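Laboratory data are not the source of any read-out in this text; all were calculated from the coordinates shown. None of these values were measured; they are calculated from a predicted model. Note that we place each Cβ from the backbone using ideal geometry, even for glycine, and neighbour counts take in every protein chain shown.
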Amino acid sequence: MTAANELVKLSAVEMAEAIKKGDTSSRELVDAHLAVIEAAEPSIKAFLKVSGDVARLQADTFDALPAEDKAQLPELAGVPIAIKDMIVTKGIETTAASKILEGWIPPYDATVIEKLKAAHMPILGKTNLDEFAQGSSTEHSAYQTTHNPWDTERVPGGSGGGSASAVAAFEAPLALGTDTGGSIRQPGSLTGTVGVKPTYGGVSRFGAIAMASSLDQIGPVSRTVLDSALLQEIIGGNDRRDSTSIPEGPRPMAAAAREGMKRDLKGLKVGLVKELSGEGFQPGVQQRFDEAVAKLKEMGAEVVEVSCPHFEYALGAYYIIMPSEVSSNLARYDGMRYGLRVMPPAGVPQTAANMMAYTREAGFGDEVKRRIILGTYALSAGYYDAWYGSAQKVRTLIINDFKKAFEQADVLVSPTSPSTAFKFGEKMDDPLAMYMNDIATIPANLAGVPAMSIPAGLSADDLALPVGIQFIAPQQRDEVMYKPAAALEAALEEQWGGPIWQSLKTPWLGE
Ligand code: GLN
């Protein structure tokens, strides 16, 4: 392995340590990752925009800081990061992978971006997604299809397939995603990376392009549990610019992850969610999940089965609530204020209403239109109580299911996704089959509780594609899931002879 390849295969924490020891610099890390991006992008296509100049400048600024200033910065200072193009970045084109925002350069930074800049973490670029984060395969991007580094004929999951693939392919050590129904965790599962959806309100949504505001949450993507913990500590915290932000102090997530690495889970009660495994889950996924649970037991955890009877209705409720909020949030893309404007052709009256219709027809893709229509219908007079009102009641039942489950267990577990990565096109003509991908991730969004996916090995079916296991913790107790996740990660490394991402074949690195 070349020195540059060795560098990009370190975890973010190891990169930060190497900077501190003087073995590398932020600039060297940025250059190494930009080189990987250049080599990998023809086959991976994770990035919509690479911001090399911005990243180099940020890295040089950090490297030039006096040692005493560096000592005040968070642990991951100087380590580069990629950003899902659903998060606005001042001066860097942000499109949400939609034609309707093509060429839009935000005049401000999202709060999470301000925090990354304050931590001196260089921004490598903006990653691909399903248009407006709507999808489970990244195939709904208006610009390109991102490939799964484990098998480039397969999807990386979605909507945050770009961030997940970038981290899996060593194009970036860290990334940010957004998770409305699973868009950080499901791609994590399909690409063998760690993905976290924090407690709703734990990370500011200011500057996250709105999909479904009561469900959206920004969170970390990384290759290790500790890296995500440290990143969540940097991006989290109260923000007065987000009215749903929770006023609370920092949560000890990195400490919990470090505690977990000792692999002692005595006293921890793990709840196996009965409704989130078994039938409908690919056998090779189920097998790895069962083995992971056995490992948790070996480390001293007590495993109990819990039942969440209303989870059965979670997907149905989500596909009423989410499109309702989508239809309202996406009304702002009307050709008037920013982004694309398409004037009606000659002969058609040049009215504002016609301009909006032509703009939206040209600017939105099929999946986005499908959801706007669904949401508009669900919210229309006379149907509101039957659809939106009922879905909100189901949401309360799901919150109560979680409350009861957390009376019996400290943390809940399930497979993250019912299957491993599927082939391009396999689910594009069948929206329902696509929606089923999020069967295990959606309940956490509906209830606002934190959840994360970590790799559980390669599928027992073919030993070729990653499988993810999900940990779910009570609201505002994000640290609770980090401990068993880090413990399992350490135990699995022993079983597999190292982290599974180390066994990924990386021809784009010249190996
Ligand atoms: N795949 C889900 C959907 O299509 C979740 C999307 C997301 O979390 N942004 O809605």
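Here the gap between S243 and L57, fully extended at 0.36 nm per residue and compared with their Cα-Cα distance, gives a gain of 63.6 nm.
Dipole check for the stretch 237-393: with +1 at the C-beta of Lys and Arg, -1 at the C-beta of Asp and Glu, and the Cα centre as origin, the magnitude is about 520 Debye. Within the same chain, aspartates and glutamates fewer than 8 places from K297 are excluded, and of the rest, those with a Cα less than 18 Å from its Cα are E259, D264, E305, D410, E489, E493, E494.
Please report the base-10 log of the normalised intensity I(q)/I(0) for the stretch 269-336, using a Debye sum with one equal scatterer per alpha carbon and no solvent, at each q in 0.16, 0.24, 0.25 (1/Å). For the stretch 269-336 at q = 0.16, 0.24, 0.25 Å⁻¹, log10 I(q)/I(0) is -0.72, -1.06, -1.09. Dipole orientation for the chain: of the candidates A4, A257, A212, A212 has the Cα lying most toward the positive pole (charges on Cβ; Lys, Arg +1; Asp, Glu -1). Here the average projected area of the convex hull drawn through the C-alpha atoms of the stretch 1-109 stands at 7.9 nm².
How do 183-193, 227-237 rank on mean C-beta neighbours within 10 Å, highest first? Intermediate values should be presented prior to the final figure.
Working: 183-193: 34.4, 227-237: 26.1.
Descending packing order for the listed peptides: 183-193, 227-237.
For the stretch 390-511, the convex hull spanned by the alpha carbon atoms encloses 143 Å³ per residue. For the stretch 117-273, state the average projected area of the convex hull of the C-alpha atoms over all orientations, rounded to one decimal in nm². Across all orientations, the stretch 117-273 yields a mean hull projection of 10.5 nm².
Would you list D109, D130 from fewest to most Cβ contacts within 10 Å? All intermediate terms of the calculation are to be shown ahead of the outcome.
On the way: D109 20, D130 30.
Least to most surrounded, the residues fall as D109, D130.
When each of the peptides 164-170, 404-410 is scored by the mean number of other C-beta atoms lying within 10 Å of its residues, the order from highest to lowest reads 164-170, 404-410. Rounded to the nearest 20, the Cβ-based charge dipole of the chain about its Cα centre (Lys and Arg +1, Asp and Glu -1) stands at 1000 debye.
Using the C-alpha gyration tensor of the stretch 323-428, what are the square roots of 5 times its eigenvalues, in whole angstrom, with the largest one first? Numbers along the way, then the final one.
Values: eigenvalues 302, 85, 29 Å².
Gyration-tensor ellipsoid for the stretch 323-428: 39, 21, 12 Å.
Around the amide H of A82, modelled in the peptide plane, lie the amide H atoms of L124, L174, A175, L176, all under 5 Å away and 5 or more residues distant in sequence or on another chain. With no solvent and one equal point scatterer per Cα, compute the Debye intensity ratio I(q)/I(0) for the chain at 0.11 Å⁻¹ and report its log10, rounded to two decimals. With no solvent term, the Cα-only Debye profile gives -0.86. Legend: distances between Cα atoms for K70/K126; K90/K393; K117/K295; K427/K483; K20/K262; pairs beyond 32 Å are K90/K393; K117/K295; K427/K483. Counting neighbouring Cβ atoms within 10 Å and putting the fewest first, the residues W387, W150, W496 line up as W496, W387, W150.
Against the empirical 2.2 N^0.38 Å (N residues), the stretch 200-296 has a Cα radius of gyration ratio of 1.36.
List the DSSP H helices in the chain whose Cα atoms stretch 27 Å or more along the helix axis and whose mean Kyte-Doolittle hydropathy is at least 0.5. Don't skip to the end; give the middle numbers.
Numbers: long enough: 390-408 (28 Å, -0.47).
Both cut-offs are met by no helix.
Protection proxy ranking, highest mean first, for peptides 257-269, 374-386: 257-269, 374-386, where packing is the per-residue count of other beta-carbon atoms within 10 Å, averaged. Considering the stretch 57-125 at the alpha-carbon level, its Rg and Dmax are found to be 13.7, 46 Å. Between V270 and E302, V303, V304, D410, the built amide H atoms are under 5 Å apart, and every one of these is 5 or more places off in sequence or on another chain.
Only one residue of Q392, A64, G158 has its Cα farthest out toward the positive end of the dipole of the chain, where Lys and Arg carry +1 and Asp and Glu -1 on Cβ, and that residue is Q392.
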